[in-house]
Amino acid sequence: ICTVLLGGIRSILTKSVNKEGKSFYEALKTNAYMFVFAFITVFLIGIASAKTLFQVPWWLTIIYAASMVLAQVCLMKAVEIGSVSTSGLIYYCGFIIALLFGSIYYKEKVNVLHLIGVLLILVSFVLSVKKEKKKVSVLWLITAFGGFLFGGAMGIWQKIFRYEYAEYNLDNFMQVAFLLMSVLSFCLAVLSKLGRIRNKQENEDKGKADDVQAIKATDKWKKIVYIATLGVCMGLINIINTFLAGELSSVIVFPCIY
């Protein structure tokens, strides 16, 4: 119940923070700040285990952090260059990857009712897609299905952590993962910034954007509150979902989460 409610709040805040017309650089920067607030959240929740902070399965922690950041980046880019609704549909179908992994690799039981339930979810996803007149490009396909793969892989890493590395502390795993997400996101934002500087026209556009920002300075604190709340939701969702991945079968937990 908590993860479903938090997921709903996250969706609303994400739409409020990532408004249409926002540059890719701005979106990356917002993402980085969000991960910082998420790190603060998971750190404070697990502060009692701070002494063992870096006692984590490093390969899994790194790949978990990278998957999360890349899933967000792919989704943002897909939404920027292609259909928002279809990009979201492909991204959210990523739960199929985690579902298949749990069912095949860990031999979790799947019955006919489960399959009917999953099918109904997929049908509801398709029916909710809004028709948009946007051309399908190779770059859009790569980013859309990149979000699908990296987002779906998150469930795999959560399953592996809970099943294979039960001796490690969940709080420590989340703390180090979100620390890495923050660093990686800021690195991507810096690279994007450098790419913008090389383009003179973009610099001129940025100057105009800065003027608009100055006019709308009163919205700055509102935006900070949104990003901070979004980060808190992100941190809590990841803790709960990783916990649930070890408590429930994939065919139940991942469809519910998505």
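Mind grabbing the accessible area of E26 for me, 1.4 Å probe, Å², rounded to tens?
50
Would you list S23, S67 from the most to the least accessible area, probe 1.4 Å?
From most exposed to least exposed: S23, S67.
Please go through the residue pairs K15/K131; K15/K220; K29/K131 and name each one whose alpha carbons sit more than 25 Å apart in this structure.
Beyond 25 Å between Cα atoms: K29/K131.
Among Y25, L236, V251, flag the residue with its Cα farthest along the positive direction of the charge dipole of the chain, charges on Cβ as +1 for Lys/Arg and -1 for Asp/Glu.
Farthest towards the positive pole: Y25.
How large, in percent, is the carbon and sulfur part of the accessible surface of the chain at a probe radius of 1.4 Å?
It is 70 percent, rounded to a whole number.
Put K133, K223, K107 in order of accessible area, largest first, 1.4 Å probe: what do you get?
Reading off the accessible areas and sorting them downward yields K133, K107, K223.
Where in the stretch 59-78 is the amide nitrogen less than 13 Å from a point lying 7 Å along the Cα-to-Cβ axis of V183?
In the stretch 59-78, the label zone of V183 (backbone N under 13 Å from the point 7 Å along Cα→Cβ) covers 59, 61-63, 65-66.
Going from most exposed to least, what order do K135, K159 have by accessible area with a 1.4 Å probe?
K135, K159
Using protein chains only and a probe of 1.4 angstrom, how many square angstrom of W58 are accessible, to the nearest 10?
Its accessible surface works out to 110 Å², give or take rounding.
Can you tell me, using C-alpha contacts under 8 Å and at least 6 residues apart, the relative contact order of the chain as a whole percent?
Once normalised by length, the contact order is 44 percent.
Mind putting a number on the dipole of the stretch 1-128 about its Cα centre? Charges go on the C-beta only, +1 for Lys and Arg and -1 for Asp and Glu, and I need it in Debye to the nearest 20.
Computed about the Cα centre, the dipole is about 160 debye.
I'd like to verify something in the chain: which complete DSSP H helices, judged by Cα projection on the helix axis, reach 20 Å or more and average at least -1.0 on the Kyte-Doolittle scale?
Counting only whole DSSP H runs, the qualifying helices are 2-17, 24-45, 58-81, 112-127, 138-164, 170-197, 220-245.
What length, rounded to one decimal in nm, is gained on full extension from S124 through to L191, with 0.36 nm per residue of separation minus their alpha-carbon distance?
20.3 nm
Subtract the Cα-Cα distance of E247 and K51 from 0.36 nm times their separation in residues, and report this length gain in nm to one decimal.
The E247-K51 span can extend by a further 67.9 nm.
Working from the alpha-carbon coordinates of the stretch 14-146, get Rg over Rh, Rh being the Kirkwood radius.
1.03
With +1 on the Cβ of every Lys and Arg and -1 on the Cβ of every Asp and Glu, and nothing else charged, how large is the dipole of the chain about its Cα centre, in debye rounded to the nearest 20?
Computed about the Cα centre, the dipole is about 680 debye.
If the chain between I63 and E164 were fully stretched, how many nm would it gain, using 0.36 nm times the residue separation less the Cα-Cα distance?
Net length gain for the segment: 34.8 nm.
The values are calculated or read from the model by the stated rules, or taken from the named source; none is laboratory data. Quantities reported herein were computed from a predicted structural model and do not represent experimental measurements. Ideal geometry is used to build each Cβ from the backbone, glycine not excepted, and the neighbour counts take in all protein chains shown. These accessible areas exclude ligands, DNA and RNA; they are computed on the full protein's heavy atoms, side chains included. Shrake-Rupley method; radii C 1.70, N 1.55, O 1.52, S 1.80 Å.
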